[in-house]
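> Have a look at this one before I ask anything.
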Amino acid sequence: MPKDVDKLLDEVRIKKPGTAAVGFPAVRHAMQYVASEPGLARGTRALLKMNQVKGFDCPGCAWPDPIPGQRSFAEFCENGAKAAAWETTKGRVGREFFAAHSVSELREQDHHSLEKHGRLTEPMYLAPGAEHYAPISWDDALHLIADRLRDMANPDRAAFYTSGRASNEAAFVYQLLARRLGTNNLPDCSNMCHESSGAALNETIGVGKGVVSLDDITDHAELIVVVGQNPGTNHPRMLSALEKAKNRGARIVTVNPLPEAGLVRFKNPQSLRGVVRGGTKLTDRYLAVRVNGDLAMFAGVCKALLAREDAEPNTILDRSFIETYCDGFDEVCQAWRDLDWSVIEAQSGLARQEIEDFASDVMAAKSVVVTWAMGLTQHRNAVATIREIVNFLLLRGNIGKPGAGPSPIRGHSNVQGDRTMGVWERVPDAFLDRVQDEFGFEPPRAHGLDTVDTIRAMRDGQIDVFFALGGNFVAATPDTELSESAMRNCALTVHVATKLNRSHVCHGAEALLLPCLSRSERDDQAAGEQFVTVEDSMSMVHESRGSLAPGSPHLRSEVAIVTGLGHALFGEDIGWGAMGDDYRLIRQHIARVIDGFEDFEERLRSPGGFMLPRGPHDSRTFNTATGKARFTLNRPEALEVPEGHLVLQTVRSHDQFNTTVYGYDDRYRGVKGGRRVVFVNPEDLRERGLKDGDMVDLVSVWSDGERHAKGYRAVAYATPKGCAAAYFPEANVLVPLDSTAVTSNTPTSKSIIIRIEPAA
Ligand SMILES: Nc1nc2c(c(=O)[nH]1)N[C@H]1C(S)=C(S)[C@@H](COP(=O)(O)OP(=O)(O)OC[C@H]3O[C@@H](n4cnc5c(=O)[nH]c(N)nc54)[C@H](O)[C@@H]3O)O[C@H]1N2
Ligand SMILES: Nc1nc2c(c(=O)[nH]1)N[C@H]1C(S)=C(S)[C@@H](COP(=O)(O)OP(=O)(O)OC[C@H]3O[C@@H](n4cnc5c(=O)[nH]c(N)nc54)[C@H](O)[C@@H]3O)O[C@H]1N2
Ligand code: SF4
Ligand SMILES: [Mo]
């Protein structure tokens, strides 16, 4: 039976969660937020430059900007405003701060408090056995790192982590540094994020990223399927794009175990209609899938489409597309025919009729886009699920025409660009060949360590130097206790960062904190003012130029730090210092090494930047093993959930950016003043003799034993029976390190098997 979203929301929850996202309240919240940070003038000035042609790229998510000319004077969302305010704060963390606070004292503070202290201002060093970070000069810091790297028995005893905020220029010199040193150990946040998308898309359509552009969504797609994604919180401006699509008649189907507010109804803060009339109802069909039930659901839709084609041949499938551009079709058809509806219903938690109705939406649409994010990528069968989405799209030729295709929506503002720049532990040989030709050294060929394998190596004493270009490694990774102790096992840990976080106080025997410029700040180097570039979720590359005065005179840019280290290690062998002085030299190298960046510098001059080629979308070119788009066999397999257990997914609240916790509310889900909550189906609570508001402990079970998260408040919530949700990163203590997705090795942060017990 189709579920009525509004009714669903009314049934549960003591304090009703929001049904609409954004609107005036969101703008007010954004401005209040900026005003509450002690850098008001800086913050407001920064906001007006954000996402503008000559401004800086929002440090929040990777959602693309509208084309120049279609941008409003305030082209940002509430969360973009929070991100900007967070980095433009007046709070400062320098030598006095560290003299006053020991690392063990700082370990007692939560994520919010640690970052709230303010911006790091100067390089700091923690000597072996010391309790306090102390100032160190840039020169001494860089030479210390160089010495420790040289002392290693081999280059693979170092690991170079990247978080997705690094610019293209910083990422390019960073991977170059690791490879010049002789290692491909380049774990990154992508390993925990869209790695599953990359793996599935590379294999089936020959590119590891999405092939849809913004106008495909706003102007062309007749059906948009939003799966495993909460744009109201995590990609807020996507709601404006969906509203635009909706206004021209597109249909939207949402697949999510939680009825997320923004997808139900959206009040556009920049349109009167949005505010006056109570907003646009975005979702036409809501499918409350069970956590991890998407593969079964998409297999069901494919089965339904095939059955209708069998009944009336040549009416449903795009036979000529399949014959010309695809292979593997016949094998998968048989598997769909053999698949039992009872299996599909049990695994997806959806009734056959709901899936048949969805198939009717699909048949009625000449073009279909599927967007998704972490709801699909962080499961054991994540790669198979995304491959099944490709199958689903291929059936009706929904790749390579306007308004059609797969669209993984990326997280960090430049996480996609970092991969394009070669931050990847298993970058293809062709990339390494180009690096070799361009720079004349031989890069290592053996694959390096990804994030999970880096933790294992650190735990096993195989890593001496851990270097992080941004991020919060121990908080973002699974199995917090293990990750923290793995970090302590390193001889030297180095963090390039803007703000203090947990990873800086769970350090190696020696530790360095290197403070860097943020996106909104001016970057002056020897050759004059510099800008950097980024790539958004839809393959648009454009410049980003900060304009505020740096938060401290001692800050260095990420590029300057990395090239400075390169110079300390290798002198000017490939022009490290020169690249740091003038980023155009880096872009010249990029233009020669990476496809799609020809005439890089020149093409940046066109306002809004340029689009990288996307073979499948532009010309139905599929760079796969067979040169065709590939149908693949993906058998739905039920998660094994022992009697009395639930499947827990970890999500983001509206008041956080990953491990950066801005505050303790989650407005759209009706939570105020706390993060230790677990959302559970009311019947599941009843069966356990629990009720909304009870205090509980969460126990995750895995082959190597149990993990505990104590002191959670149970919240009765509209999620399918057998499913639960809690916030990342607090719940990471429950994620077993060895529970990862097949092929992509991404931690299964969205399907953790847990028990709920009354609080001890
Ligand atoms: N404000 C803000 N913006 C952000 C971030 C942030 O933390 N804060 N993080 C950035 C980053 S790095 C990323 S990767 C993105 C993340 O963007 P999202 O993927 O939207 O983030 P999550 O909170 O992990 O939400 C996962 C969604 O998937 C649903 N889900 C969970 N399990 C399943 C499932 O099995 N099937 C289906 N169909 N749905 C499921 C959840 O209910 C939830 O709605 O956002 C980026 N943008
Ligand atoms: N359980 C669970 N775990 C997850 C997820 C989940 O959904 N559930 N999501 C995963 C995903 S999708 C991701 S992307 C990862 C995120 O993992 P990370 O990228 O490692 O974590 P972030 O929280 O984004 O990093 C925040 C820190 O970055 C630093 N920073 C901020 N801006 C800058 C800058 O401009 N330059 C530099 N150098 N540093 C800066 C600040 O010091 C800040 O403390 O977490 C993953 N972990
Ligand atoms: S949608 Fe994402 S990129 Fe755009 S303003 Fe909001 S946080 Fe920034
Ligand atoms: Mo992410």
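> Pick from Gly422, Gly470, Gly448: which is touching a helix residue (DSSP H, G or I) at 6+ places or on another chain (Cβ under 7 Å), open to solvent by less than 20 Å² (accessible area, probe 1.4 Å) and of a type in the set (Gly, Ala, Ser)?
Just one listed residue meets the conditions, Gly422.
> Then there is this: Out of Glu535, Glu510, report the one residue that is open to solvent by less than 10 Å² (accessible area, probe 1.4 Å), of a type in the set (Asp, Glu) and more than 11 Å from ligand 2 (Cβ to nearest atom).
One residue alone meets the criteria, Glu535.
> Right, next: Is at least one residue of region 428-443 in contact with a helix residue (DSSP H, G or I) (Cβ under 9 Å, 6 or more places away or on another chain), within 16 Å of ligand 2 (Cβ to nearest atom) and not charged (D, E, K, R)? Quick ask: steps written out before the conclusion?
Of all residues in region 428-443, those in contact with a helix residue (DSSP H, G or I) (Cβ under 9 Å, 6 or more places away or on another chain) come to 431-432, 434-435, 437-439, 441-443.
Still in the running and within 16 Å of ligand 2 (Cβ to nearest atom): none.
No: zero hits.
> Tally up the residues in region 584-615 that are among the acidic types (Asp, Glu) and either on the phi > 0 side of the Ramachandran plot or crowded, with 18+ Cβ neighbours inside 10 Å (or both), please. Please lay out each step first, then the result.
As a first pass, look at region 584-615 and keep what is among the acidic types (Asp, Glu): 595, 598-599, 601-602.
The next check asks that each one be either on the phi > 0 side of the Ramachandran plot or crowded, with 18+ Cβ neighbours inside 10 Å (or both); those that pass are 599.
The total comes to 1.
> Next up: Return the only residue of Arg456, Arg419, Arg445, Arg434 being part of a loop (DSSP other than H, G, I, E, B), modelled with pLDDT of 95 or more and of a type in the set (Lys, Arg).
Among Arg456, Arg419, Arg445, Arg434, only Arg445 is part of a loop (DSSP other than H, G, I, E, B), modelled with pLDDT of 95 or more and of a type in the set (Lys, Arg).
> Taking strands (runs of 3 or more DSSP E) that do not extend beyond region 682-760, which have at least 2 residues that are under 19 Å from the mean Cα position of the chain (by Cα)? Write out each step before concluding.
Working: elements: 695-702, 705-716, 723-727, 752-758.
Correct list: 723-727.
> Exactly one condition in (1) free of Cβ contacts under 8 Å to residues at least 24 places away in the same chain; (2) part of a helix (DSSP H, G or I) is not met by Tyr668; state its number.
(1)
> Further, regarding this structure: Quick check on Ala491: is it open to solvent by 20 Å² or more (accessible area, probe 1.4 Å), under 27 Å from Leu176 (Cβ atoms) and out of contact with any Pro (no Cβ under 8 Å at 6 or more places or on another chain)?
On the way: open to solvent by 20 Å² or more (accessible area, probe 1.4 Å): yes; under 27 Å from Leu176 (Cβ atoms): yes; out of contact with any Pro (no Cβ under 8 Å at 6 or more places or on another chain): yes.
Answer is yes for this residue.
> On the given criteria, is Ser348 surrounded by 24 or more Cβ atoms within 10 Å (Cβ to Cβ) and either away from ligand 4 (no atom under 16 Å from the Cβ) or more than 22 Å from Leu258 (Cα to Cα) (or both)? Talk me through it step by step, then tell me what you get.
Values: surrounded by 24 or more Cβ atoms within 10 Å (Cβ to Cβ): yes; either away from ligand 4 (no atom under 16 Å from the Cβ) or more than 22 Å from Leu258 (Cα to Cα) (or both): yes.
Against the criterion (surrounded by 24 or more Cβ atoms within 10 Å (Cβ to Cβ) and either away from ligand 4 (no atom under 16 Å from the Cβ) or more than 22 Å from Leu258 (Cα to Cα) (or both)), Ser348 qualifies.
> If you check Lys366 against the conditions, is it more than 16 Å from ligand 4 (Cβ to nearest atom), open to solvent by 10 Å² or more (accessible area, probe 1.4 Å), outside any helix (DSSP H, G or I) and over 22 Å from Leu201 (Cβ atoms)?
Values: more than 16 Å from ligand 4 (Cβ to nearest atom): yes; open to solvent by 10 Å² or more (accessible area, probe 1.4 Å): yes; outside any helix (DSSP H, G or I): yes; over 22 Å from Leu201 (Cβ atoms): yes.
Answer is yes for this residue.
> Let me ask something else about it. Just the residues that are open to solvent by 30 Å² or more (accessible area, probe 1.4 Å) and in contact (Cβ under 8 Å) with a residue 12 or more places away in the chain, please, taken from region 561-572.
Residues satisfying the conditions are His567, Phe570.
> Sticking with this structure for a sec: Any idea how many residues of region 232-263 are over 22 Å from Leu648 (Cβ atoms) and either in the same structural domain as Ala718 (by TED's automatic domain parsing) or part of a helix (DSSP H, G or I) (or both)?
12
> Quick test for you: out of Leu144, Leu181, Leu177, pick the one residue that is touching a residue at least 24 places away in the same chain (Cβ under 8 Å), farther than 30 Å from Thr748 by Cα and open to solvent by less than 10 Å² (accessible area, probe 1.4 Å).
None of the other options fit; the residue is Leu177.
Quick grid of which residues meet (1) buried (at least 20 other Cβ atoms within 10 Å of the Cβ); (2) at pLDDT below 95; (3) under 13 Å from His645 (Cα atoms):
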{"site": "Gly674", "(1), (2), (3)": "no, yes, no"}
{"site": "Asn681", "(1), (2), (3)": "yes, no, yes"}
{"site": "Gly689", "(1), (2), (3)": "no, no, no"}
{"site": "Ala709", "(1), (2), (3)": "yes, no, no"}
{"site": "Tyr712", "(1), (2), (3)": "yes, no, no"}
{"site": "Val735", "(1), (2), (3)": "yes, no, no"}
{"site": "Ser744", "(1), (2), (3)": "yes, no, no"}
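> From the list Thr650, Thr632, Thr621, Thr626, exactly one residue is β-branched (Val, Ile, Thr) and assigned to a strand (DSSP E or B). Which is it?
Thr650
> While we're looking at this one, here's another question. Scan region 442-454 and report the pairs whose first residue is under 18 Å from Ala741 (Cα atoms) and whose second residue is open to solvent by 20 Å² or more (accessible area, probe 1.4 Å) and not aromatic (Phe, Trp, Tyr), with Cβ atoms within less than 7 Å and a gap of 6+ or a chain change.
Asp450/Asn745; Thr451/Met192; Val452/Asn745
> Name, by its number, the condition in (1) more than 19 Å from Asn732 (Cβ to Cβ); (2) within 16 Å of ligand 4 (Cβ to nearest atom); (3) of a type in the set (A, V, I, L, M) that does not hold for Met695.
Of the numbered conditions (1) more than 19 Å from Asn732 (Cβ to Cβ); (2) within 16 Å of ligand 4 (Cβ to nearest atom); (3) of a type in the set (A, V, I, L, M), the odd one out for Met695 is (2).
> Also: Could you please find all residues in region 252-285 being more than 26 Å from the chain's Cα centre (by Cα) and modelled with pLDDT of 85 or more?
Matches in region 252-285: Asp284 only.
> When region 54-103 is examined, which residues are found to be more than 30 Å from Pro231 (Cβ to Cβ) and free of Cβ contacts under 8 Å to residues at least 60 places away in the same chain?
Of everything in region 54-103, those that are more than 30 Å from Pro231 (Cβ to Cβ) and free of Cβ contacts under 8 Å to residues at least 60 places away in the same chain turn out to be Lys90, Gly91, Arg95, Glu96, Phe97, Phe98, Ala99, Ala100, His101, Ser102.
The values are calculated or read from the model by the stated rules, or taken from the named source; none is laboratory data. Here the structure is a predicted model, which is why all the values come from computation and not from measurement. No Cβ is skipped: glycine too gets one built from the backbone with ideal geometry, and neighbour counts run over all protein chains shown. Surface areas here come from the heavy atoms of the whole protein model, side chains and all, with no ligands, DNA or RNA. Shrake-Rupley method; radii C 1.70, N 1.55, O 1.52, S 1.80 Å.
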